[in-house]
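Each value in this text was obtained by applying a stated rule to the coordinates, not by laboratory testing. Worth saying up front: this structure is predicted, and the values here are computed from it rather than measured. Cβ coordinates were reconstructed from backbone atoms using ideal geometry, including for glycine residues, and neighbour counts include every protein chain displayed.
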Amino acid sequence: MKPAPFSYHAPSTVDQATSLLLELGGGAIPLAGGQSLIPLMNLGLVRPQNLVDLGNIAQLHGIESTDDDVVIRAMVTQRQAETSDVVKSEAPLLAHALSVVGFRPTRTRGTVVGSLTHADPAAELPIVALALDARIRLVSQDGERVVRAEDFFLSYLTTVRQPTEIVVDVAFSRRFTSWGFAEVQRRTGDFAIVAAAVAMEPTGDMRIALAGIADKPVRSIAAEAVINGGSVDEISAEKAGQAAAEEAEPLGDIHGSSEYRRRLIAPIVRTAVLEAVTRAAVDD
Amino acid sequence: MIDVALNLNGMPVVRSVQPRRLLSDFIREDLGHTGTHVGCEQGYCGACTVLLDGEPVRSCLMFAFQAGGRAVETVESLATSSTELHPIQHAFWDKHALQCGFCTPGMLMAAKAILASNPDPTEEEVRHDLSANMCRCTGYGQIVDAVLAAGATLRETS
């Protein structure tokens, strides 16, 4: 199938883009890399009357390192972030997760911000955003607001972004001293059936985020409670995994039943937690 | 209608198309280069793989307007003449790495990009990087052999 007809707009600044979104109303969708949007349009599932192409907006390019964060702007591709020396050294969890997102050709066009805004609950980048305490900046004609990752994702393919807003950048905290990541995929490049992203605070506490078990990415409060404030070893990692599995009420679909997903949670969490511990020990 | 101007296989081209025109269809229908194949239009199969400024992309997941001002290379750019195959094509022929040929243009362009960024890959690396392209005929073994053989040839001649 082919996309339905639409009117094309090519603003050169963020201000022009948000002005267009306001003027065009709800029937306008911003276009970044298109690797999530265009498949939906090719299937006829999404038929915007207007596309606002962000590709000509110079302000939306660039990766910046501040004292606290690594800031990735909206048009930075997944491939640029994956291969960036700044990302590799300051947010290595992100660099690693990117290497398993889709394929090199989709990462060459797809953007980091776009994947977050698309908000597929089985995607890898949203749980990295939760683990790394990311802050997402949205701009509209009314001004700008910064939303924390845990408040950004509402439900399946739904975020707090309003139709008149553009996400201009995402800031991942640099403070974490170690990380772990584990995922079950049927084939290389697939979305996760279940995935866990772990980031370790300077105190040794961990943030543990899970994909594929709910209608949005979630932090496992139960797993974190087992780990945090105590020492982490094989036994506590195992208990954390079990706590995460008990706490979860996974939704099943054609890629994995709810029972299958539940069974994957404990080993996935355990693996990611132990990886973070091992990595921290090696770095010391 | 909007004008899309880009460089195709070294030649500047410009056509007037609807904004919704996908790059894959622009290449095939508007520019008459039917070597690039359309399989899934979902980004899974890789039959539509072309190079955009040297990087592999899914042409079915781009609008033609997104390639404006850029350099696009398709499978037609590989052979140096009508009688002389590119080393990668020769390796595919020599190792019997195609049957129906539908995935082949995507495989060739993917292979070109793989070998450009990793001239001496291991078999594991080739298998991993080629996982972006699907083949229903060959079982992939001969394709991997062909890419490794092409890598060897390209290293010798460079």
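Provide a single number: the residues in the stretch A:204-239 that are surrounded by fewer than 16 Cβ atoms within 10 Å (Cβ to Cβ), closer than 22 Å to A:A129 by Cα and polar (S, T, N, Q). Residues flagged as surrounded by fewer than 16 Cβ atoms within 10 Å (Cβ to Cβ), closer than 22 Å to A:A129 by Cα and polar (S, T, N, Q) within the stretch A:204-239 amount to 0. Check whether at least one residue in the stretch B:69-91 is in contact (Cβ under 8 Å) with a residue 12 or more places away in the chain, at the interface with chain A (Cβ under 10 Å from one of its Cβ atoms), in contact with a strand residue (DSSP E or B) (Cβ under 9 Å, 6 or more places away or on another chain) and of a type in the set (A, V, I, L, M, F, W, C), and report yes or no. No: zero hits. Give me the residue from the stretch B:5-28 that is within 11 Å of chain A (Cβ to nearest Cβ) and in a strand (DSSP E or B) and, out of that set, nearest to B:R58 (Cα to Cα). Among them, the one singled out is B:L22. Scanning the stretch A:45-60 for residues that are part of a strand (DSSP E or B) and either of a type in the set (F, W, Y) or touching a Phe, Trp or Tyr at 6+ places or on another chain (Cβ under 8 Å) (or both) returns A:N50, A:L51, A:D53.
Tell me which residues, restricted to the stretch B:36-47, are within 9 Å of chain A (Cβ to nearest Cβ) and crowded, with 24+ Cβ neighbours inside 10 Å. Correct list: B:G43, B:G46.
Any residue in the stretch A:32-45 that is within 18 Å of A:V167 (Cβ to Cβ) sitting within a Cβ distance under 6 Å of a residue that is outside any loop (DSSP other than H, G, I, E, B) and of a type in the set (V, I, T)? List the pairs, counting only those 6 or more apart or interchain. Every condition considered, the pairs that remain are A:A32/A:T111; A:G33/A:T111; A:Q35/A:T106. Candidates A:T108, A:T83: the one that is under 30 Å from B:E125 (Cα atoms), within 14 Å of another protein chain (Cβ to nearest Cβ), β-branched (V, I, T) and in contact with a helix residue (DSSP H, G or I) (Cβ under 6 Å, 6 or more places away or on another chain) is A:T108. Total residues in the stretch A:1-24 satisfying the condition of being free of Cβ contacts under 8 Å to residues at least 12 places away in the same chain and under 11 Å from A:L51 (Cβ atoms): the figure is 1. Considering the stretch B:69-110, the residues that are charged (D, E, K, R) and assigned to a loop (DSSP other than H, G, I, E, B) include one that is surrounded by the fewest Cβ atoms within 10 Å (Cβ to Cβ), namely B:E84. The number of residues in the stretch B:116-135 that are touching a Lys or Arg at 6+ places or on another chain (Cβ under 8 Å) and either away from every other protein chain (no Cβ under 12 Å) or buried (at least 22 other Cβ atoms within 10 Å of the Cβ) (or both) comes to 4. Taken as a whole, the stretch A:29-41 holds at least one residue that is surrounded by fewer than 19 Cβ atoms within 10 Å (Cβ to Cβ) and within 24 Å of the chain's Cα centre (by Cα).
Can you work out which of the residues in the stretch A:33-90 that are among the acidic types (D, E) and in contact with a strand residue (DSSP E or B) (Cβ under 9 Å, 6 or more places away or on another chain) is farthest from B:E41 (Cα to Cα)? Applying the filter and picking the extreme gives A:D68. In the stretch B:48-68, the residue that is surrounded by the most Cβ atoms within 10 Å (Cβ to Cβ) out of those that are without any contact (Cβ under 8 Å) to a residue 40 or more places away in the chain and within 9 Å of chain A (Cβ to nearest Cβ) is B:R58. A single member of B:M11, B:M62, B:M1 is of a type in the set (A, V, I, L, M) and in contact with a helix residue (DSSP H, G or I) (Cβ under 9 Å, 6 or more places away or on another chain), and it is B:M62. Filtering the stretch A:13-44 to residues that are within 14 Å of chain B (Cβ to nearest Cβ) and outside any helix (DSSP H, G or I) leaves A:A28, A:I29, A:P30, A:L31, A:A32, A:G33, A:G34, A:Q35, A:S36, A:L43, A:G44.
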